[in-house]
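Report on one structure; see the data block that follows.
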Amino acid sequence: MSMLQVKNVSKQFGGLAALDNVNFSVEKEHIHGLIGPNGAGKSTMFKIISGFSSPTAGSIIFNDSSITGLKSSRIAEAGIIRTFQQTTLFHEMTVFENVLIGTHNSSRTNILSALIGSDRKRQQSAKNHAMEAIRFMGLEDRMHQIASELPLGSKRALVIAVALSAKPRLLLLDEPFAGMNPEETNTMMALTEKVRQSGITIILVEHDMKAVMGLCDRLTVLNFGKVLAQGTPKEVRNNPEVINAYLGGGKST
Amino acid sequence: MELLVQTMVNGIIQSGFYALAAVGLVLIFGVMKVVNFAHGELTMVGAYSVWFLHAQNDMPFLLTVVTAVVLVAMIGLLMERFLFRPMTDSPLGGLICSIGVLFVLQVAATLVGGEGPSKQVPPPYEGTLVLFDMLRIPYQRLFSFAVAATTLGLLWYFLTRMRIGWALRAVAQDREAASLQGINSNRMSMIAMGVGAAMAGLAGALMAPLTNINPHMGHNVIITAFIVTIVGGVGSLPGAVIASVLYALFHTFVTTYFSGTIATISGLVIMVLILIVRPSGILGKRVTE
Amino acid sequence: MLAKHRTLMTIVLILAGLLILPHYLKYHQQDFLIFLVVNVLVVASYRLVTLTGEWSLIHAVMMGIGAYTSGMLTKFLDFSFWISLPLAGVVAGLTAALLSFPLFRTTQFYFLIGSFAAGEAIRLSWIHFIRPFGGTSGISALPSPELLGIDFLEPIPYFYLTLAIVTACLVILYRIEKSRIGLTLHAVHWQAPLAESVGINTWNYRTLAFTTGSMFVGIAGALKVHYIGTVTPNQYGIGFMVFILIWLIVGGYKTFYGAILGVIILSILDEMFRELEVIRPAVYGAVLILFILYLPDGLESLPQKIASRIKGASPKGSHS
Ligand SMILES: Nc1ncnc2c1ncn2[C@@H]1O[C@H](COP(=O)(O)OP(=O)(O)O)[C@@H](O)[C@H]1O
Ligand SMILES: [Mg+2]
């Protein structure tokens, strides 16, 4: 059984069908690419999977149970963590605080235990866990820097560190390589692969074809809200429709 | 039956004031994203101007109305230029500035008019129109309503039929996109604030002969304007006008049959209920995300 | 560690000073001191509400709810002050929790206006329903607390009582802010979508801050009302709400002690400029405007600002 199944999902914005009867499924511990030109509906798909938006029709099945229409925080608790297309961070806070907030699910507390300090063990293990995520993403030297002052590569790494500290089972990455130079992209690709090796399933939205082709096990191509093609990177690359509509249409940024 | 019709007419006439005040508030919020808490005080200044110039110093009524409008528009422009514009990135900052202005204007009014009881302006248009032997409408009210309605009509023409009105709406919709199209958004803010304040001043000037004038009269005005704005849908001018009529009718009826306080309390409760079931108001677009 | 000790020492010294201070004050100055201590709790609790970035305009009314609750329980139902005091907090907190359902369906502008409307509706009800709220003139001749034969009617004992309760409340508020919960509230403020994405239920946390802040201001209301012995609707109107805003902004809303600093300095200045009378509100209005324009982070940020001026270093971009 697939980890995530997207079944007949549609999303209307007024007259515009941002998603139109989309079906695909994601296997455990795969990196699943979701590609397509700008405006194809990729970010909308992420919003729907993560509960930030509800579909007009269709359903999302995660590990055999429907998560359609649940609140975003509930879906995050279930283990689906998304990142945002813009580099979204707690910009005013330090790297460590950012990641610490990410551990919410395993460290939440109530006022009473916070006051009398009975949750100390829990908070300590959250801190350890946050440290792990920071080391995993190679940010330990920047621990106490303010997020807004980081270089782009580190910001992106922090975005993923925050997501990792929330203990995802399925991670949704929205254009993590956008605006990076080739060197930064290579580092980030290695990190993404490392995340998968640690047992986390990933759905990747990305325009950088080198990264997509290099990382993904399977691809789903969206165009105007419809699934244009699915398959391994090789199959998709050779699909004439895809070449026509997308890959052939010049280099995407 | 008589009371019913009379109350209805009173309500409709009342709606003219509500709409003038609310539409200005909506316009300012729409274009500048600032909640002008001093809006009621702008109305109060309008009323005070009429009291001071007309009742105290015998200036002709119509001239004082015009003077009041110009004066309040000037205050609005100063607020835009020196308070709201530097606070463009911080909507809360604008709101807090307007609270500061609220106090300054109240004190200014106290200094001009002195403390003591509320002031009255003798109505310059005397007499009452009697219709069908039962409806009684004082000419003063009729005049105020006519001016309010005409002004709203002109505003509608300005916003929908003139290029500059179109630019104003473009800024209200998306400030950045409008800037990209070459619209000077600072200028639009000045226009919105000028027009919005002028309308508040007009409401106050027209109200002056019909109400008790004191430095705190703005409080009721702002409560009414908030209710009307939320019920009509923030950012929707037609919504604000329709909500003004509905709320004025509602308020007048409840005041006539129960009491003014009950009317205001239920208005506030309705407003909170609207926030629950339809935060975007009766005419506002539903916010999707 | 050293800094921590120094802070602790400062606090102990301030408390010690406060303990002996009233004995050197005139009667009306003792009054002033009691109100000041109560108002410290008012702003500190308001700050908790604003931590999630939602500025409510109902805090003054919440204080009134505490005042009416405690006043009515002690006067009409003969409750002891020691029971009505926590109940004042509970009733204000419950009211906030109930209001969260409509109010937090929205944020920012809508929340602000919604909270203002809800507050006015409550306040107008006190005016309108003469039974049991007493209308415009409110309820008076409220009993003062008593414990172990000590009558807390006189200013000095009442001051000690207030100081003890307010200090306890401040410790709790401070610990909440410095705990995991405080961090989460900041997260909700700065980047609600990201907070949601890692499992934070932002609605719950906004409600939590609003409810807890209201609870503490309810307690402040009870403390105030049993000292002056009267409660009226106009004590808790938009006028008082504006004072709370001014204290917070002038002091600096970004830190715990900034807010407290604001209420202390402004109250003392206010006391010194009593003869301004009529124009006092205008002075307040002008101060509010000047601060928001030129010192938006409040007095608390002043030392840092001066330091960076002197060093000639470029001022750090401190707010977004
Ligand atoms: N909140 C929204 N309201 C209206 N239209 C939207 C909204 N979000 C996205 N869209 C539209 O849906 C389409 C898909 O957008 P998106 O999912 O962001 O595309 P992608 O991420 O593939 O570039 C676009 O046409 C976009 O304009
Ligand atoms: Mg996108």
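Counting only DSSP beta bridges whose two residues both lie in chain A, roughly 55 percent are antiparallel. DSSP assigns beta bridges within the protein assembly as shown; of those with both partners inside it, close to 65 percent run antiparallel.
Which of rounded, prolate, oblate describes region B:2-106, given a ≥ b ≥ c as roots of the alpha-carbon gyration tensor eigenvalues and a/c under 1.5 marking rounded, otherwise prolate only if a/b is larger than b/c?
Numbers: a/c = 2.66, a/b = 1.39, b/c = 1.92.
Taking the square roots of the gyration eigenvalues as a ≥ b ≥ c, region B:2-106 is oblate.
Run the simple label-point estimate for residue A:210 and residue B:158 please: 7 Å along Cα→C-beta, distance reported in nm. Reported label-point gap for residue A:210 and residue B:158 is 5.8 nm. Label sites at residue A:149 and residue A:230, each approximated as a point 7 angstrom past Cα along Cα to Cβ, lie 4.8 nm apart. Using 0.36 nm per residue and subtracting the Cα-Cα separation, the extra length available between residue A:141 and residue A:28 on full extension is 37.4 nm. When all protein chains stay in place and ligands, DNA and RNA are ignored, the 1.4 Å accessible-area order of C:105, A:218, C:123, C:309, largest first, is C:309, C:105, A:218, C:123. The overall shape of region A:1-133, judged from the alpha-carbon gyration tensor, is prolate: a/c is not under 1.5, and a/b is greater than b/c. Taking all protein chains together, C:27, C:158 sort by accessible area into C:27, C:158, largest first [probe 1.4 Å].
Backbone geometry of region C:124-131 corresponds, through the Karplus equation with coefficients 6.51, -1.76 and 1.60 at θ = phi - 60°, to 3J(HN,Hα) couplings of 5, 5, 4, 6, 6, 8, 4, 9 Hz, x marking Gly and Pro. Dividing the C-alpha radius of gyration of region C:185-320 by 2.2 N^0.38 Å, with N its residue count, gives 1.29. Taking amide hydrogens as placed 1.01 Å from N in the peptide plane, the amide H of residue A:20 sits under 5 Å from those of A:11, A:226, each at least 5 positions away in sequence or on another chain. Rounded to the nearest 500, the 222 nm mean residue ellipticity of chain A from helices alone is -10500 deg cm²/dmol, with -39,500 (n - 2.57) taken per DSSP H run of at least 4 residues.
Three principal axis extents describe the C-alpha atoms of region C:28-236; from largest down they are 56, 37, 29 Å.
Rounded, prolate or oblate: pick one for the protein assembly as shown, where a ≥ b ≥ c are the square roots of the eigenvalues of its C-alpha gyration tensor, a/c under 1.5 means rounded, and failing that, prolate if a/b is larger than b/c, else oblate. It comes out oblate by the Cα gyration axes. Phi angles across region C:105-119 convert, under the Karplus curve 6.51 cos²θ - 1.76 cosθ + 1.60 with θ = phi - 60°, into 3J(HN,Hα) values of 5, 10, 9, 6, 3, 5, 5, 4, 5, x, 5, 4, 4, 4, x Hz, Gly and Pro given as x. By a 1.4 Å probe calculation restricted to protein chains, residue B:134 has an accessible surface near 60 Å², given to the nearest 10.
At a 1.4 Å probe radius, which order do C:20, A:116, B:28 fall into by accessible area, largest first?
A:116, C:20, B:28
Averaged over the residues of peptide B:103-111, the number of Cβ atoms from other protein chains lying within 10 Å of each residue's Cβ is 5.
The heavy atoms of residue B:85 present about 60 square angstrom of accessible area, all protein chains included, probe 1.4 Å.
For chain B, the mean residue ellipticity at 222 nm estimated from helices alone is -23500 deg cm²/dmol, where every DSSP H run of n ≥ 4 contributes -39500 (n - 2.57) and the total is divided by all residues, rounded to the nearest 500.
Here residue C:26 sits with roughly 130 square angstrom of accessible surface, probe radius 1.4 Å.
The HN-Hα couplings worked out from phi for region C:156-164 by the Karplus form 6.51 cos²θ - 1.76 cosθ + 1.60 (θ = phi - 60°) are 5, x, 5, 4, 4, 4, 4, 4, 4 Hz, whole numbers, x standing for Gly and Pro. For the residue pairs B:33/C:305; A:71/C:178; A:155/C:305; A:121/A:194; A:28/A:194, the alpha carbons lie more than 18 Å apart in B:33/C:305; A:71/C:178; A:155/C:305; A:121/A:194.
Peptide C:187-195 shows a mean partner chain C-beta count of 6 within 10 Å per residue C-beta.
With each run of n ≥ 4 DSSP H residues scored as -39500 (n - 2.57), what mean residue ellipticity at 222 nm is computed for chain C after dividing by its residue count and rounding to the nearest 500 deg cm²/dmol?
The helix-only estimate for chain C comes to -24500 deg cm²/dmol at 222 nm.
The values are calculated or read from the model by the stated rules, or taken from the named source; none is laboratory data. Computed from a predicted structure; not experimentally measured. Neighbour counts are summed over all protein chains in view; Cβ atoms, including those assigned to glycine, are modelled from backbone coordinates with ideal geometry. Ligands, DNA and RNA are excluded from the accessible area calculation, which covers all protein heavy atoms including side chains. Shrake-Rupley method; radii C 1.70, N 1.55, O 1.52, S 1.80 Å.
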